[in-house]
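Each remark here refers to the structure printed beneath this line.
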Amino acid sequence: MTPFVKAFFDEATNTASFVVQEPEGRACAIIDSVLDFDHASGRTSTKSADDIIAYIRSENLDPQWILETHVHADHLSAAPYLQEQLGGNIGIGENITVVQDTFGKIFNEGTEFQRDGSQFDALFTEGDSFHVGQMRGDVLHTPGHTPACLTYVIGDAAFVGDTLFMPDFGTARCDFPGGSSETLFKSIQKILALPDETRIFVGHDYKAPGRDDYAWETTVGEQKALNIHIGEGKSVEEFVEMRDARDATLGMPRLILPSLQVNMRAGQMPPADEQGDVFLKIPVNKI
């Protein structure tokens, strides 16, 4: 089955969000949504999410799932807002509990912060399946970038989050807590084992040198042949050496501190204080 995929690109965070629709029907899923956040002022906006809502309503679609490929470190999720406006279940990988435990400690969240994934409606594991109308979705556990990363294979389309980028840009970093370049290499092999014609939709694009336009769709065959980090049969040793050296040169994402606090809660803000005000923490020398 070939789903129709509508992309929404947020240039501020270089994030691609997707609405995945069954080819003959109204059912759809939303993957990796964005809640706009201005770091300087601490203000949020729902413009990016509202664009998705407007599209879904204009097409009279029925959102059944709001899916996260992982706990994003570069943008806030709009999943709760989308669920409030449109319905649907929020899903993520079961290893969200590992991420919650790690960052619950870093952000000193205390015992009131549940680390069991209960903020989400569904926790997926390797081999799980779900349905979007008549379409079946299958779950691949593809850690390495983070412990909870998933790839959703829906029909002939695979949504890989940050695991792979466009072939001319390569692969995801692995230096966040719980990341591993060797694990990422093994995860990528799962994706590359899909049929060559499988469409791959990546979660970010940064315009590789020499490319003028943003892009987010490629294929398994193109990745195997052309990906600058893992294409042409590169060995795990070659990949790990390259990836670790590259990661050592990278700075932290601009929105990592607000993003992690919100996204490990399924897109919810931390609890408000007695006056109804919400605060995000900035741990010093922790990440």
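Observations, loosely collected:
So that you can scan it fast, the table gives a plain yes or no per residue for (1) surrounded by 22 or more Cβ atoms within 10 Å (Cβ to Cβ); (2) more than 22 Å from Cys174 (Cα to Cα); (3) at pLDDT 95 or above:
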{"residue": "Ser17", "(1), (2), (3)": "yes, no, yes"}
{"residue": "Asp32", "(1), (2), (3)": "yes, no, yes"}
{"residue": "Ser41", "(1), (2), (3)": "no, yes, yes"}
{"residue": "His75", "(1), (2), (3)": "yes, no, yes"}
{"residue": "Ala79", "(1), (2), (3)": "yes, yes, yes"}
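- Screening Ala148 on (1) surrounded by fewer than 24 Cβ atoms within 10 Å (Cβ to Cβ); (2) part of a loop (DSSP other than H, G, I, E, B); (3) small (Gly, Ala, Ser) shows it passes everything except condition (1).
- Residue among Glu68, Glu94, Glu84, Glu59 that alone is within 13 Å of Asn263 (Cβ to Cβ) and of a type in the set (Asp, Glu): Glu68
- Evaluation of Met242 against (1) in a helix (DSSP H, G or I); (2) out of contact with any Ser or Thr (no Cβ under 9 Å at 6 or more places or on another chain) (one fails), failing number: (2)
- Residues of the range 8-31 that turn out to be within 15 Å of Tyr214 (Cβ to Cβ) and either of a type in the set (Asp, Glu) or within 14 Å of the chain's Cα centre (by Cα) (or both), as a count: 10
- Residue list for the range 251-266, filter: outside any loop (DSSP other than H, G, I, E, B) and touching a residue at least 60 places away in the same chain (Cβ under 8 Å): Ile256, Pro258, Ser259, Leu260, Gln261, Val262, Asn263
- Out of Ala248, Ala215, sole residue that is touching a residue at least 40 places away in the same chain (Cβ under 8 Å) and more than 21 Å from Phe18 (Cβ to Cβ): Ala248
The values are calculated or read from the model by the stated rules, or taken from the named source; none is laboratory data. As the structure is a prediction and not an experimental result, all values here were calculated from the model. Note that we place each Cβ from the backbone using ideal geometry, even for glycine, and neighbour counts take in every protein chain shown.
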